[in-house]
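These notes concern the structure reproduced below.
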Amino acid sequence: MSTALTPFRVGFPEEDLADLRDRLARTRWPEKETVGGWSQGVPLGYLQELAAYWRDTYDWRAAEARLNALPQFRTEIDGLGIHFLHVRSPHAGATPLLLSHGWPGSVLEFLDLIGPLTDPEDPADAFHVVCPSLPGFAFSDKPAEAGWTVERTAAAWDTLMRRLGYERYAAHGTDWGSFLTGILGETVPDHLLGVHLAMPFAMPPQGDVPVELDARDLAGLAALKDFQANEGAYSVLQATRPQTLGYGLADSPVGQLAWMIEKYWAWSDHDGDAEKVLDRDRLLDVVTLAWLAGTGASSARIYWESHNKMALGPVGVPTACSVFPKDARMPRPWCEHRFTDLRRWTDHERGGHFPALEQPDLLVDELRSFFRPLT
């Protein structure tokens with residue numbers, strides 16, 4: 001591995017898939033939950049049915065084919081091998097766009113966006129799309145030493161874009177990718193046309209800065225407090241003991257399945273049936289990739305490195321924030337104070353933490369509308 005851009009194809013051996021099916025068949029199940037619904041975690045009946053589908057029906061090779069239909073590469077940045085998709089538009093004047101995922105996601109989240117973004121009806125809407133895999137995720141290397149913070153990863157992403165020949169580019173992120181994208185706006189503003197964030201975060205203004213919060217802002221803060229009390233255990237564990245967690249995830253595919261599926265259910269916008277907005281096979285794509293790549297521990301370490309440790313400094317580049325009803329919502333005045341050139345704020349009527357999976361058409365329209373006048 002070097003600074004060269006090395007073509008990459010996905011191809012897990014058949015024995016890995018046979019081992020997965022064998023492990024699923026030999027799962028030792030716990031007893032049923034003592035309450036109805038999901039308040040104690042993933043219900044036993046649902047997980048058993050989903051695991052049976054994973055073992056007997058699901059086709060990972062279809063996901064491999066989707067990935068391998070796109071140009072993929074690896075390159076070394078700051079001593080670490082980084083995997084990324086790089087899909088150039090057929091339109092020469094297309095805008096470079098960096099898409100950054102988070103946890104429990106991967107580049108698989110963005111596959112439905114790539115066609116509409118790279119080859120739209122109107123060439124003015126075209127993007128050259130770059131989707132890297134975070135360190136410790138998917139086909140990027142797993143750091144062998146501490147220090148791969150979100151800030152360091154943001155610097156690596158900027159190096160990648162410049163290595164690809166993009167001196168200025170647009171950037172979008174969700175989850176950890178949202179934090180990373182904001183940090184790019186802090187640290188390399190001259191390289192950015194603008195940033196588009198789903199789940200923007202900001203600190204309350206300090207000193208005598210007047211701040212008036214409306215009912216929606218206060219409801220968002222209350223929801224964040226409730227999230228920490230009732231949903232935040234995963235982040236505490238990953239931020240403090242990712243290695244201990246990793247043993248179970250590396251050894252049990254059903255453990256990996258439950259750990260991830262709970263979040264897709266809890267953080268997406270649905271009426272109780274997440275599979276109405278998140279296709280079952282797409283969910284199993286992301287879980288299978290995590291299992292086959294063995295990233296249960298390595299993907300959790302981003303929390304150990306960076307959870308509640310980022311400065312969230314001022315961002316002066318043109319910014320858009322997309323806020324979805326089932327996702328975290330920071331007060332808009334706090335975000336206006338951090339993102340000093342906030343040009344677009346959209347409180348969407350539907351959608352959750354995974355807009356590229358839940359509302360891909362809406363997200364594509366958002367990216368086009370925001371970045372078009374900036375190019």
Could you tell me which residue of segment 17-31 is nearest to residue 70 (Cα to Cα), considering only residues that are surrounded by 13 or more Cβ atoms within 10 Å (Cβ to Cβ) and in contact (Cβ under 8 Å) with a residue 24 or more places away in the chain? 17
Does at least one position in segment 52-64 carry a residue that is of a type in the set (A, V, I, L, M), surrounded by fewer than 20 Cβ atoms within 10 Å (Cβ to Cβ) and touching a residue at least 40 places away in the same chain (Cβ under 8 Å)? yes
Report yes if some residue within segment 337-356 is crowded, with 20+ Cβ neighbours inside 10 Å and either farther than 30 Å from residue 286 by Cα or among the hydroxyl-bearing types (Ser, Thr, Tyr) (or both); otherwise report no. yes
Of the residues in segment 199-219, those that are in contact with a Pro (Cβ under 6 Å, 6 or more places away or on another chain) and either modelled with pLDDT under 90 or among the basic types (Lys, Arg) (or both) come to 211
At least 1 residues that are among the hydroxyl-bearing types (Ser, Thr, Tyr) in each: list the helices (runs of 4 or more DSSP H) lying fully within segment 1-70 that qualify. 44-56
Out of segment 291-345, which residues are among the polar types (S, T, N, Q) and in contact with a Phe, Trp or Tyr (Cβ under 9 Å, 6 or more places away or on another chain)? 295, 298, 299, 306, 319, 322
What are the pairs with Cβ atoms under 8 angstrom where one residue, in segment 232-252, is touching a residue at least 40 places away in the same chain (Cβ under 8 Å) and the other, located anywhere, is among the basic types (Lys, Arg)? Sequence gap at least six, or different chains. 238/301; 242/301; 252/23
I'd like the residue in segment 1-36 that is of a type in the set (S, T, N, Q) and at pLDDT 95 or above and, out of all such residues, is nearest to the chain's Cα centre (by Cα). 6
Residue pairs meeting the criteria (Cβ under 7 Å; at least 6 apart or on separate chains; first without any contact (Cβ under 8 Å) to a residue 60 or more places away in the chain, in segment 102-119; second among the basic types (Lys, Arg) and surrounded by fewer than 23 Cβ atoms within 10 Å (Cβ to Cβ)): 111/66
Out of the residues in segment 76-95 that are more than 19 Å from the chain's Cα centre (by Cα) and of a type outside the set (Gly, Ala, Ser), state the one that is surrounded by the fewest Cβ atoms within 10 Å (Cβ to Cβ). 90
Please return the ranges of strands (runs of 3 or more DSSP E) entirely within segment 85-190 where 1 or more residues are farther than 23 Å from residue 320 by Cα. none
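The values are calculated or read from the model by the stated rules, or taken from the named source; none is laboratory data. Small disclaimer: the values here were computed from a predicted structure and weren't measured. FYI the Cβ positions are ideal-geometry reconstructions off the backbone, even for glycines, and counts take in every protein chain you see.
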